[in-house]
1. If you build the convex hull over the alpha carbons only and average its shadow over all orientations, what do you get for the range 115-185? Give it in nm² to one decimal.
2. Hull surface divided by four, with the convex hull built on the Cα atoms of the range 5-79: how many nm²?
3. If you build a Gaussian network model of the chain, linking Cα atoms that sit under 10 Å apart, which residue out of Leu138, Leu77, Leu11 swings the most?
4. So how much slack lies between Ala31 and Glu93, counting 0.36 nm per residue of separation and subtracting their Cα-Cα distance, in nm?
5. Mind listing the long-range amide H neighbours of Leu179? Cut-off is under 5 Å, sequence gap 5 or more, other chains count too, H placed in the peptide plane at 1.01 Å from N.
6. Report the FRET efficiency, 1/(1 + (r/R0)^6), for Ile3 and Gln108, where r is their Cβ-Cβ distance and R0 is 41 Å, rounded to 0.05.
7. Report the rotationally averaged projected area of the range 87-239 based on its alpha-carbon convex hull, in square nanometres.
8. Connecting C-alpha atoms closer than 10 Å in a GNM of the chain, tell me which of Tyr137, Tyr211, Tyr70 has the biggest fluctuation.
Amino acid sequence: MEITARQREILCQIIEEYAETASPVGSVTMARLFGVSPATIRAEMARLEALGLIAQPHTSAGRVPTDAGYRYYVNHLDGISDDAEKPEIKSFERGVHAIEVRVSSQSQADAAIRRAVDSLVELTGNLGLATIGGQLYLSGISQLFTQPEFVDTRRVQAVAKLLDNLEPWLREAAPLEPLNIFIGHENPIGKNSEVSLIISKFRSPFSDRSYIGVLGPTRQNYMKVMGLVKYTGKMLEETL
């Protein structure tokens with residue numbers, strides 16, 4: 001998929017702005033950020049919409065990212081996240097330190113994994129999960145459902161169905177990548193739940209295929225969350 005550098009910057013800004021505000025992003029807001037006219041931004045948005053990367057939920061509303069837009073963003077994060085002064089980078093570094101402190105204080109493997117999951121919940125606002133000895137440990141369900149996306153009870157039910165089937169799916173599918181990201185409809189279960197599952201595979205005393213990660217709305221800070229999940233999996237593998 002070919003888009004211009006400016007279109008990519010606009011897409012990234014829409015994704016990051018939407019993650020913060022949970023409100024559709026308008027052309028006037030983008031115009032101020034990029035120092036161009038709203039008409040210019042609308043033309044660029046029209047191109048991104050034609051490519052299926054953003055959508056307009058209501059006629060008079062701004063734009064929101066689609067699953068395809070998030071996928072493009074995630075696949076191109078290496079070219080987006082190289083600014084050490086970005087707030088996301090600094091927030092990631094603080095999160096890493098917090099996880100290290102909490103996990104290193106635990107002498108038992110199961111307790112260390114639980115503390116790591118609880119830390120991810122606090123740092124990301126998502127639901128945290130991990131496999132421990134063949135069982136699925138979940139933390140932060142109430143925190144997840146305070147997100148504005150889950151005012152709709154149908155979405156809550158879809159997430160509950162996904163969680164009911166997550167442990168057997170992990171056992172059967174056993175994703176092999178160190179970091180696995182399933183966005184929205186990409187989820188093998190709960191395709192209509194409009195959430196993203198971000199999990200890291202690691203070796204533990206319980207299994208060579210243990211998993212830790214988070215489940216949250218597709219609207220989230222992927223740069224920070226992916227970094228924290230990947231780091232946590234690697235740290236647990238090294239320390240356990």
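1. Details: hull surface 21.6 nm².
Seen from a random direction, the Cα hull of the range 115-185 projects 5.4 nm² on average.
2. Hull-based average projected area comes out at 4.7 nm².
3. Leu77
4. Value of the extension gain: 19.2 nm.
5. Residues meeting the criterion, in which the H sits 1.01 Å from N, are Lys201.
6. Working: r = 49 Å, r/R0 = 1.20.
Approximately 0.25, to the nearest 0.05.
7. Value for the range 87-239: 8.1 nm².
8. Judging by the Gaussian network model, the answer is Tyr137.
Only the coordinates and a few stated rules stand behind these numbers; no lab work does. In this text the structure is predicted, and so the values were computed from the model without any measurement. Virtual Cβ from ideal backbone geometry, glycine too; neighbours counted across all protein chains shown.
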